[in-house]
There are 2 protein chains.
Amino acid sequence: MPEQERTVAGEEAIVQGYLAPLAEGFAGAFGLRDDCALLSPPAGHELVLTTDAVAEGVHFLPGEAPEDIGWKALAVNVSDLVAKGATPLVYLMSLAFPAAPAADGLAGLARGLAAAQASFGISLAGGDTDRRPGPFAITIAALGTVPTGKMVRRGTARVGDRLVVSGTLGDAVLGLELRRRQTRAQAWGLAAGEAASLVACSLRPQPPLALIEPLRAFAHAAMDISDGLAKDLGRMAEASGVAARVSVSALPLSAAAARALAADPSLVAEIVTGGEDYQVLAAVAPSDVAAFLAAAAARGIVLTEIGEIQAGTGVRIEDRDGRPLALARAGWDHF
Amino acid sequence: MPEQERTVAGEEAIVQGYLAPLAEGFAGAFGLRDDCALLSPPAGHELVLTTDAVAEGVHFLPGEAPEDIGWKALAVNVSDLVAKGATPLVYLMSLAFPAAPAADGLAGLARGLAAAQASFGISLAGGDTDRRPGPFAITIAALGTVPTGKMVRRGTARVGDRLVVSGTLGDAVLGLELRRRQTRAQAWGLAAGEAASLVACSLRPQPPLALIEPLRAFAHAAMDISDGLAKDLGRMAEASGVAARVSVSALPLSAAAARALAADPSLVAEIVTGGEDYQVLAAVAPSDVAAFLAAAAARGIVLTEIGEIQAGTGVRIEDRDGRPLALARAGWDHF
């Protein structure tokens, strides 16, 4: 943001001028004019809790639109709730600014958060605003609700379960690559609309909220695959004490990702390990797969069966010839 | 920490090696082996939510012991819960490391958190671990419980209420000053034990947990005074639509702080505005003051009446001659 832009000085001006409107939907936020928020848990429900941070240069690129940053900060948290079968409820947000923020940027951030809130059905409950060196960062803690006993765990997949994923895989990581190297769009033979759709997936993740009810009804285990299918499936298998097998040829791809992969077959590693797919991986009894897919389809969510849970340990990702795919790394790790 | 120290690489090694033991007291954390935590709210209670971050160079000094950093990160959040009459329950923690952390430092951080957990009766429920440029930072979101309807608000002080604070004021900010300029101890005429006690207050805040029940029983309004008495009292008065008056001569001081103030009367501004006092300010009906003080005393907490709520607006802090104290700033603001 240009230096000469108007900045917002003072925590009070930031909180009351830009953030308090995000808390209007939740009475327990007290208009962000108290030290804590108050939540009356709905009867017959439990609370599901998660926290995730996004920071400039790590989770989003410098120069990205503040609207998109706000959207993504909330979406990555909501994605975890959705994958557990939890309905988003409220969130706390801690903002770390390296300097007094520009008024335009702060307004854009609030617009992106407001759009995400409306899309996900969640409200701001409270927060914290700091100035410190380092990248601009947003840390969110999100709370959702499930009927008591209905949270979908990671470690409860069973031998014989079918593995199912929502949406399409790899779009976000390919979109990120296009933003870094625009010439790739031509190399991959993408139409302008296809390239734009991949970029949009990387900027504005869309967790499949309509899948919450079907997950509660049918999934033995589930999690989002934001660190990449290979790594996150490995986590599910390990936590469940089972093995897993998936076929690359079964992975659901958008038309744009399929075209890119045809042009550059090495992209399969990016699609399987790149992460940033805020989609859900679920393990479902074979007898429930059809009903699960139908329930999701009735709510506008496409599910695809990609493999199965087996006895043993480890994850086998098979290429189109049934051989194990060679991967340099399993998925995203900060360290 | 020296460069040659052993570091801990990999989120899994950090989480399972050092953080998972902190979650053993809370079954809904699932050993930090799921994507979210699960909380079954206790019947007849509401949840109180808060979030606060601490970052190196802002909230703690470079070179501070990891044990103290861990303690403080949790204490500053618990302080907000206590001031609302909420019993600490669980917390989520997001860690931002600029590089792979040293094993010794990480172990120290976990020890400090474990000690604070035991002291405050709170457990780790989940978290997030990132690597990013900038200072080491810990963002915590803490949840506490209150019997339904019993949260103590900030904006509900009433005209005529007496203002009461817990503990002593200014110790932490004087301790911080001593850590920055050790020669001050001599200039202030402090014994070695006095200087050490001030330093300890700045490193290990001790929110008055025993005050939770008396606050629920007697306080019309309350908040912690971590941004300084002047600023936080201003917030209470503004939120309540009232004015407030306090006397500097009534402020409770430790022997060490009283000695420093006698040696350098200008320190009164630091004591009133410096912040870092994780003590509670409460507004109580005149007829309840004696019972409130007695209930706190029975639990080992010293309370002191320092002023009163009046009709009007604004905060008047009177010096020993009854004149308004001249303050260059009201309190801590990051911007």
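The values are calculated or read from the model by the stated rules, or taken from the named source; none is laboratory data. This one's a predicted model, so the numbers in the text were calculated from it and none came from an experiment. Cβ placement follows ideal geometry from the backbone for every residue including glycine, while neighbour counts extend to all protein chains displayed. We work out accessible area using only protein heavy atoms, side chains counted, and drop any ligands, DNA or RNA first. Shrake-Rupley method; radii C 1.70, N 1.55, O 1.52, S 1.80 Å.
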**Item:** Anisotropy class of chain A from Cα gyration tensor, a/c 1.5 cut
**Value:** oblate
**Fill in**
Reported to the nearest 10 Å², residue B:319 has, with a 1.4 Å probe, an accessible area equal to 40 Å²
**Message:** If you take every residue apart from residue A:306 with its C-beta less than 11 Å away from the C-beta of residue A:306, what net charge results, scoring Lys and Arg +1 and Asp and Glu -1?
**Reply:** -1
**Message:** What is the distance in Å between the Cα centroid of region A:246-302 and that of region B:6-37?
**Reply:** 29 Å
**Request:** Output the peptides B:121-128, A:107-114, B:320-327 sorted from most to least packed, where packing is the average of other Cβ atoms within 10 Å over each peptide's residues.
**Result:** B:121-128, A:107-114, B:320-327
**Asked** Which residue is it, in chain B, whose C-beta lies closest to the B-to-A rotation axis, and what is that distance in whole Å?
**Response** B:134, 1
**Item:** Computed accessible area, residue B:229, all protein chains, 1.4 angstrom probe, square angstrom
**Value:** 0 Å²
**Request:** State which entries of A:84/B:84; B:72/B:150; B:72/B:231; A:72/A:150 exceed 24 angstrom in Cα-Cα distance in the structure shown.
**Result:** A:84/B:84; B:72/B:150; A:72/A:150
**Complete:** With Cα springs under 10 Å, the Gaussian network model of chain B assigns the largest mean-square fluctuation among B:160, B:134, B:25 to B:134
**Message:** If I take R0 = 35 Å and measure r between the Cβ atoms of residue B:61 and residue B:318 in this structure, what FRET efficiency does the formula 1/(1 + (r/R0)^6) give, to the nearest 0.05?
**Reply:** 0.55
**Request:** Tell me the GluC sites (Glu not before Pro) within region A:45-149 that lie in a loop according to DSSP and have at most 10 other beta-carbon atoms within 10 Å.
**Result:** none
**Message:** Just to confirm the numbers: residue B:255, label point 7 angstrom along the Cα-Cβ line, distances to the other copies in nm, shortest first?
**Reply:** 8.2
**Request:** Please list A:245, B:131, B:180 in order of solvent-accessible area, largest first, computed with a 1.4 Å probe with all protein chains present.
**Result:** B:180, B:131, A:245
**Message:** Could you report the accessible area of residue B:288 in Å², rounded to 10, computed with a 1.4 Å probe on the protein chains as they sit in the structure?
**Reply:** 50 Å²
**Message:** As I understand it, the value is the acute angle between the Cα axis of helix A:289-298 and the longest principal axis of the Cα atoms of chain A; what does it come to in degrees, rounded to 10?
**Reply:** 40 degrees
**Request:** Please find the FRET efficiency linking residue B:159 to residue A:259, where r is the Cβ-Cβ separation and R0 is fixed at 56 Å, and quote it to the nearest 0.05.
**Result:** 0.20
**Asked** What would the Debye formula give as log10 I(q)/I(0) at q = 0.08, 0.10 Å⁻¹ for the alpha-carbon point model of region A:59-200, no solvent?
**Response** -0.30, -0.47
**Asked** Taking springs between alpha-carbon atoms closer than 10 angstrom, which of B:259, B:204, B:181 fluctuates most in the Gaussian network model of chain B?
**Response** B:181
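When the helices in the protein assembly as shown are scored as -39500 (n - 2.57) per DSSP H run of 4 or longer and the sum is shared across all residues, what 222 nm value do you end up with, to the nearest 500 deg cm²/dmol? Before the final figure, lay out each step's value.
Working: 22 runs with 222 residues, N = 670.
Dividing the helical sum by the residues of the protein assembly as shown leaves -10000 deg cm²/dmol.
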**Request:** Set the Förster radius R0 to 45 Å, insert the Cβ-Cβ distance between residue A:310 and residue B:148 as r into 1/(1 + (r/R0)^6), and round the FRET efficiency to 0.05.
**Result:** 0.40
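Can you give the relative contact order of region A:82-172 as a percent, counting alpha carbon pairs under 8 Å and 6+ residues apart?
Reported as a whole number, the value is 47 percent.
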**Complete:** Note: residue A:9 to residue A:115 extended length (0.36 nm per residue) minus current alpha-carbon separation gives 35.7 nm
**Fill in**
In nm, the gap between the two label points placed 7 Å beyond Cα toward Cβ at residue B:298 and residue B:99 is 5.6 nm
**Fill in**
With Cα coordinates, the longest principal axis of chain B makes an angle with the long axis of helix B:66-83, in degrees rounded to 10, of 50 degrees
**Request:** Taking the Cβ of residue B:58 as the centre, find all other residues whose Cβ is under 10 Å away and add up their charges (Lys, Arg: +1; Asp, Glu: -1).
**Result:** 0
**Asked** Tilt of helix A:229-240 relative to the longest C-alpha principal axis of chain A, in degrees (0 to 90, nearest 10)?
**Response** 80 degrees
**Prompt:** In debye to the nearest 20, how big a dipole does region A:172-226 give about its Cα centre with +1 on each Lys and Arg Cβ and -1 on each Asp and Glu Cβ?
**Reply:** 240 debye
**Request:** Would you mind working out the magnitude of the charge dipole of region B:26-74 relative to its Cα centre, with +1 at each Lys and Arg C-beta and -1 at each Asp and Glu C-beta, to the nearest 20 Debye?
**Result:** 140 debye
